[in-house]
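Student: Take this structure first; my questions come after.
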Amino acid sequence: MAVHDGAPWIAGAVASVLSQTAGDLELVVVDDGSTDATADLLAAVADRRLYVHRQLRTGLTRALNRALGVARADLVARLDSDDLALPERLHRQRVFLGARPDVGLLGTAAREVDAAGALVREVRPPTDDAAIRHALIRTNPFVHSSVMVRRELLVRAGGYDEAVPVAQDYDLWMRLARVTRLAN
């Protein structure tokens, strides 16, 4: 997780990861030069599974690569600092990837809510490799904040391209599609 000035949301995002039913995890948060209360809120979390790296502002792409460089697990999951993960998300993704070694990039559907928490819409991307590849030609068929990826494939694909300040996820999916099957 990368965060910049995320005080209104960071505590909820972190809590949603640390309360996963799959409790054997590490949460790497890169605080990318926050000037609000983000650092204090992260420092208040007393959980040995949380690792916070504070740095001067470099932008999202570099912050994500920094997090990848620190993370140690074979499977790496993303969550934006203003999003929440449902309690069984990581467990369900691990089970799926354990049963499907041919799949290296796995996303999910998502619920978008307004400031009051009311459902705005459900995002339901294509689910199978063929449909995802067809969609990938024209659009981003993954919710970035929902993906789990095999670390070895991330390394082989070169991680996030730091020359790409926006749509860095879409660029990465295109490169991962060359080396693995995809699913949602």
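Student: Being free of Cβ contacts under 8 Å to residues at least 60 places away in the same chain, in a loop (DSSP other than H, G, I, E, B), closer than 20 Å to Val149 by Cα and more than 18 Å from the chain's Cα centre (by Cα), is that true of even one residue in segment 94-117? Before you say what the answer is, go through the steps one by one.
Tutor: Going through segment 94-117, the residues free of Cβ contacts under 8 Å to residues at least 60 places away in the same chain turn out to be 95, 97-99, 101, 110-117.
Checking which are in a loop (DSSP other than H, G, I, E, B) leaves us with 101, 114-117.
In the following step, the residues that additionally are closer than 20 Å to Val149 by Cα were identified as 101.
Retained after the next criterion (residues that are more than 18 Å from the chain's Cα centre (by Cα)): 101.
Within segment 94-117, one or more residues are free of Cβ contacts under 8 Å to residues at least 60 places away in the same chain, in a loop (DSSP other than H, G, I, E, B), closer than 20 Å to Val149 by Cα and more than 18 Å from the chain's Cα centre (by Cα).
Student: Can I ask one more? Would you mind telling me which numbered condition in (1) open to solvent by 30 Å² or more (accessible area, probe 1.4 Å); (2) assigned to a strand (DSSP E or B); (3) closer than 24 Å to Leu90 by Cα Ala15 fails?
Tutor: Unmet for Ala15, out of (1) open to solvent by 30 Å² or more (accessible area, probe 1.4 Å); (2) assigned to a strand (DSSP E or B); (3) closer than 24 Å to Leu90 by Cα: (2).
Student: Would you tally the residues in segment 22-36 being closer than 30 Å to Glu88 by Cβ and open to solvent by 40 Å² or more (accessible area, probe 1.4 Å)?
Tutor: The number of residues fulfilling the criteria is 2.
Student: If you don't mind, another one. Condition first: open to solvent by 30 Å² or more (accessible area, probe 1.4 Å), within 21 Å of Val143 (Cα to Cα) and touching a residue at least 24 places away in the same chain (Cβ under 8 Å). Can you find one or more residues in segment 37-55 that meet it?
Tutor: So far as segment 37-55 goes, no, none of its residues is open to solvent by 30 Å² or more (accessible area, probe 1.4 Å), within 21 Å of Val143 (Cα to Cα) and touching a residue at least 24 places away in the same chain (Cβ under 8 Å).
Student: Out of curiosity, is Ala85 of a type in the set (Gly, Ala, Ser), within 15 Å of the chain's Cα centre (by Cα) and on the phi < 0 side of the Ramachandran plot? Break it down stepwise before answering.
Tutor: On the way: of a type in the set (Gly, Ala, Ser): yes; within 15 Å of the chain's Cα centre (by Cα): yes; on the phi < 0 side of the Ramachandran plot: yes.
It is true that Ala85 is of a type in the set (Gly, Ala, Ser), within 15 Å of the chain's Cα centre (by Cα) and on the phi < 0 side of the Ramachandran plot.
Student: Going by the conditions given, is Val45 modelled with pLDDT of 95 or more, part of a strand (DSSP E or B) and not charged (D, E, K, R)? Before you say what the answer is, go through the steps one by one.
Tutor: On the way: modelled with pLDDT of 95 or more: yes; part of a strand (DSSP E or B): no; not charged (D, E, K, R): yes.
For Val45, the condition - modelled with pLDDT of 95 or more, part of a strand (DSSP E or B) and not charged (D, E, K, R) - is not met.
Student: Cβ-Cβ below 7 Å, separation at least six or inter-chain, first residue in segment 148-162 and in contact (Cβ under 8 Å) with a residue 60 or more places away in the chain, second β-branched (Val, Ile, Thr) and in a helix (DSSP H, G or I): which pairs?
Tutor: Tyr160/Thr61; Glu162/Thr61
Student: Which of the residues belonging to segment 118-138 are more than 12 Å from Leu182 (Cβ to Cβ), free of Cβ contacts under 8 Å to residues at least 12 places away in the same chain and open to solvent by 80 Å² or more (accessible area, probe 1.4 Å)? Show your work before the answer.
Tutor: First, the residues of segment 118-138 that are more than 12 Å from Leu182 (Cβ to Cβ): 118-124, 137-138.
Going one step further and asking which of them are free of Cβ contacts under 8 Å to residues at least 12 places away in the same chain, we end up with 118-121, 137-138.
Within segment 118-138, Leu119, Val120, Arg121, Ile137, Arg138 meet the criteria.
Student: Specify the residue that is modelled with the highest pLDDT; the eligible residues are those in segment 102-117 that are in contact with a strand residue (DSSP E or B) (Cβ under 9 Å, 6 or more places away or on another chain) and open to solvent by 80 Å² or more (accessible area, probe 1.4 Å). Give the derivation first.
Tutor: Residues of segment 102-117 in contact with a strand residue (DSSP E or B) (Cβ under 9 Å, 6 or more places away or on another chain): 102-114.
Applying the additional criterion that residues be open to solvent by 80 Å² or more (accessible area, probe 1.4 Å) yields 111, 113.
Values: Arg111: 96, Val113: 93.
Here the residue is Arg111.
Student: Right, another one. What number of residues within segment 139-157 are touching a helix residue (DSSP H, G or I) at 6+ places or on another chain (Cβ under 7 Å), open to solvent by 20 Å² or more (accessible area, probe 1.4 Å) and in a loop (DSSP other than H, G, I, E, B)?
Tutor: 1
Student: If you check Val70 against the conditions, is it surrounded by fewer than 17 Cβ atoms within 10 Å (Cβ to Cβ) and either within 17 Å of Glu152 (Cβ to Cβ) or in contact with a Lys or Arg (Cβ under 8 Å, 6 or more places away or on another chain) (or both)?
Tutor: Details: surrounded by fewer than 17 Cβ atoms within 10 Å (Cβ to Cβ): yes; either within 17 Å of Glu152 (Cβ to Cβ) or in contact with a Lys or Arg (Cβ under 8 Å, 6 or more places away or on another chain) (or both): yes.
Yes, satisfied.
The values are calculated or read from the model by the stated rules, or taken from the named source; none is laboratory data. Only a predicted model underlies this, so the values are computations on that prediction, with no experimental measurement involved. In this analysis, Cβ positions are derived from the backbone assuming ideal geometry, glycine residues included, and neighbour counts consider all displayed protein chains. In case anyone asks, the SASA skips ligands and DNA or RNA and just uses the protein heavy atoms, side chains included. Shrake-Rupley method; radii C 1.70, N 1.55, O 1.52, S 1.80 Å.
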